[in-house]
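Working notes, structure below.
The values are calculated or read from the model by the stated rules, or taken from the named source; none is laboratory data. Not measured: the values here are computed from a predicted model. Cβ: placed from backbone, ideal geometry, glycine included. Neighbour counts: every protein chain shown.
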Number of protein chains: 2
Amino acid sequence: MSKPGLPLTDVSACAYAPLVREPLSSAAAADIAAKLKALSDPVRLRLFSLVASHANREACVCDISGDFDVSQPTISHHLRVLKEAGLLASERRASWVYYSVVPEALNLISSVLSTAADDMALGAPA
Amino acid sequence: MSKPGLPLTDVSACAYAPLVREPLSSAAAADIAAKLKALSDPVRLRLFSLVASHANREACVCDISGDFDVSQPTISHHLRVLKEAGLLASERRASWVYYSVVPEALNLISSVLSTAADDMALGAPA
């Protein structure tokens with residue numbers, strides 16, 4: 001399903017082997033590390049979680065601001081960082097900007113880390 | 001199975017709800033963000049992957065150094081950051097230090113992010 005306003009991304013859950021199967025290449029590590037860095041701030045991680053847990057994985061800036069003990073400009077900065085990392089997309093509707101999760105980006109990080117955990121739980125050979 | 005030299009950790013894959021099910025609390029976000037931050041550097045992510053993909057999810061410092069275009073002190077610094085974040089454990093044997101993955105830490109991050117991806121793939125309601 002295409003959606004107007006979503007950024008172009010080259011991310012794919014199939015792009016890289018899980019990190020326990022073979023050492024990550026420099027290029028893969030740079031790509032994934034940039035996304036992890038965007039999520040590595042507690043306020044950004046909570047903002048991302050707030051959008052992701054909202055109806056339709058989408059939230060208006062007007063829904064977000066009240067839940068955080070930081071200023072509106074700070075929230076806008078953090079949302080912009082998440083958007084630049086390809087984790088959130090944004091769309092303006094009338095007076096408000098709506099943010100939504102980019103599923104491919106979350107799938108990419110998840111596939112690299114979660115298969116790792118599954119392999120470890122199963123005791124798969126390295 | 002207990003193993004001498006492993007750090008005490010309070011991490012658990014069951015400790016937090018996945019981030020798309022409900023907004024992360026401040027405490028959960030701080031805990032997970034700290035681990036993501038340790039993995040958000042490309043060299044550290046590759047180091048972690050190298051250890052995780054090694055036999056028995058464990059690697060000697062002597063196995064690691066040749067694969068990176070950075071100095072040994074820099075590698076030691078990055079390994080220490082990963083250890084302080086609870087992602088790697090270390091143990092000295094004779095002249096060498098061996099690093100191993102702490103499965104609970106990877107499972108924690110994975111459970112928060114991967115269930116999110118699964119939910120999104122299934123189109124689960126928020």
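Can you name the residue in region B:14-37 that is crowded, with 24+ Cβ neighbours inside 10 Å and closer than 19 Å to B:Val102 by Cα and, of all such residues, is nearest to the other protein chains (Cβ to nearest Cβ)?
Quick first cut of region B:14-37, residues crowded, with 24+ Cβ neighbours inside 10 Å only: B:19-20, B:24, B:29, B:32, B:36.
From what's left, closer than 19 Å to B:Val102 by Cα: B:32, B:36.
Numbers: B:Ile32: 6, B:Leu36: 4 Å.
Ranking the qualifying residues of region B:14-37, first place goes to B:Leu36.
Filtered by the rule that a residue be part of a helix (DSSP H, G or I), in contact with a strand residue (DSSP E or B) (Cβ under 7 Å, 6 or more places away or on another chain), farther than 18 Å from A:Leu39 by Cα and touching a residue at least 40 places away in the same chain (Cβ under 8 Å), region A:56-108 gives no residues.
For every residue, the table says whether it meets (1) under 18 Å from the mean Cα position of the chain (by Cα); (2) surrounded by fewer than 17 Cβ atoms within 10 Å (Cβ to Cβ).
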residue: B:Val43; (1), (2): yes, no
residue: B:Leu50; (1), (2): yes, no
residue: B:Ser53; (1), (2): yes, no
residue: B:Asn56; (1), (2): yes, yes
residue: B:Asp63; (1), (2): no, yes
residue: B:Gly66; (1), (2): no, yes
residue: B:Pro73; (1), (2): no, yes
residue: B:His77; (1), (2): yes, yes
residue: B:Ala85; (1), (2): yes, no
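The set of residues in region B:90-120 that are at pLDDT below 90 and more than 7 Å from every other protein chain (Cβ to nearest Cβ) comprises B:Glu104, B:Ala105, B:Leu108, B:Ser111, B:Val112, B:Thr115, B:Asp118, B:Asp119.
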